[in-house]
1. For the range 167-268, which fully contained helices (runs of 4 or more DSSP H) count at least 2 residues that are within 17 Å of the chain's Cα centre (by Cα) and under 30 Å from Met3 (Cβ atoms)?
2. Has the range 234-249 got at least one residue that is exposed (fewer than 15 other Cβ atoms within 10 Å of the Cβ) and either touching a Lys or Arg at 6+ places or on another chain (Cβ under 8 Å) or over 25 Å from Ala163 (Cβ atoms) (or both)?
3. Check whether at least one residue in the range 132-155 is touching a Leu at 6+ places or on another chain (Cβ under 7 Å), among the charged types (D, E, K, R) and within 30 Å of Ser4 (Cα to Cα), and report yes or no.
4. Starting from the range 241-254, keep only residues that are touching a residue at least 40 places away in the same chain (Cβ under 8 Å), then list their pairs with residues that are small (Gly, Ala, Ser) whose Cβ atoms are within a distance under 6 Å, requiring at least 6 positions of separation or different chains.
5. Please specify each residue of the range 188-224 satisfying the condition of being in contact with a helix residue (DSSP H, G or I) (Cβ under 6 Å, 6 or more places away or on another chain), at pLDDT 95 or above and either exposed (fewer than 14 other Cβ atoms within 10 Å of the Cβ) or among the aliphatic types (A, V, I, L, M) (or both).
6. For the range 1-90, list the helices (runs of 4 or more DSSP H) that sit wholly inside it and hold at least 1 residues that are at pLDDT below 95, of a type in the set (Gly, Ala, Ser) and buried (at least 20 other Cβ atoms within 10 Å of the Cβ); which are they?
7. If the requirement is being basic (Lys, Arg) and under 15 Å from the mean Cα position of the chain (by Cα), which of these qualifies: Arg116, Arg71?
8. Mind checking which residues of the range 134-159 are more than 12 Å from Trp38 (Cα to Cα), assigned to a loop (DSSP other than H, G, I, E, B) and in contact (Cβ under 8 Å) with a residue 40 or more places away in the chain?
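The values are calculated or read from the model by the stated rules, or taken from the named source; none is laboratory data. Just so we're clear, the structure is a prediction, and the values are computed from it rather than from any experiment. Every residue, glycine as well, gets a Cβ built from its backbone with ideal geometry; the counts of neighbours run over all protein chains shown.
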Amino acid sequence: MKMSRAGFIDWPNKVITLMGMSGVGKTTLASLLPKNEWFHYSADYRIGTRYLKEPILDNIKVQAMQQPFLRDLVLSDSLSFRCNITFQHLKPVACFLGKIGNPALGGLSIDEFKRRQRLHRQAEIAATTDVAEFIGKARNLYGRPHFLNDTGGSICELTNDEAWNELANHSLIIYLKADSAMEKVMIERAQADPKPLYYDEAFLDRNIAEYLALQGITETSEMNPDEYVQWVFPRLIAHRRPLYERIAAQFGYTVDASKVLTVKNEQDVMDLISGAL
């Protein structure tokens, strides 16, 4: 959605979509918006609690059944499982995605890894499609005049038809752009604590082939899962940067993510966004 600065300021029922790499400050900005006025929609939360809920729990059951004591309890329906997923605690989703590599090091086979990646992509598309419905719920059911859509870092991998035409019809899209210093911090964090990630399948195939060649190995089962994430993460940032920039140029606006550090309250958030229009 394109609009003027004055149009945004006077917009009585604001609907904003924040996009950008994980760690640029989307959730920080969201936390500054009063909950009695703003409905906070988290795509990652929706993915974990709605669209990947069953696969996540099935994965937990599989892990539990590897222990003989727990296996008997699971098979006799003596145990029930639930995930305590919150906006701030999405680890069950990450654990389900997993990492590709040596199973002895906790890695997944290439086929299983890709299966989970495809499920995540389908879930992200579905969670995006739900935004329009939740905008109505926010006003009519919860009495919140304004709506914030906090997207996941991988949403830039979706096509216009899968996500962006829909979001542009209903919301003002704001891209929080990381500068080189912030990207460096992200890379350092990934090096220190490599986490499961979603990858576009073509990107995944290209980089696995390159990584195998560099390591002098032939099978993904020989890969160290953490070392692969550490190696590929800078490439993922470089891959996603132009995707975000293309989306922002076509559908929305760009904000320097470093300015998030100066924002203290709701009015600051509105000033930051209006300044980009």
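1. 225-251
2. yes
3. Yes, there is a match, as at least one residue in the range 132-155 is touching a Leu at 6+ places or on another chain (Cβ under 7 Å), among the charged types (D, E, K, R) and within 30 Å of Ser4 (Cα to Cα).
4. Phe251/Ala168; Tyr253/Ala276; Thr254/Ala248
5. Within the range 188-224, no residue meets the criteria.
6. Fully inside the range 1-90 and qualifying: 26-31, 43-46.
7. Residue meeting the stated conditions: Arg116.
8. Answer for the range 134-159, where residues must be more than 12 Å from Trp38 (Cα to Cα), assigned to a loop (DSSP other than H, G, I, E, B) and in contact (Cβ under 8 Å) with a residue 40 or more places away in the chain: Thr151, Gly152, Gly153, Ser154.
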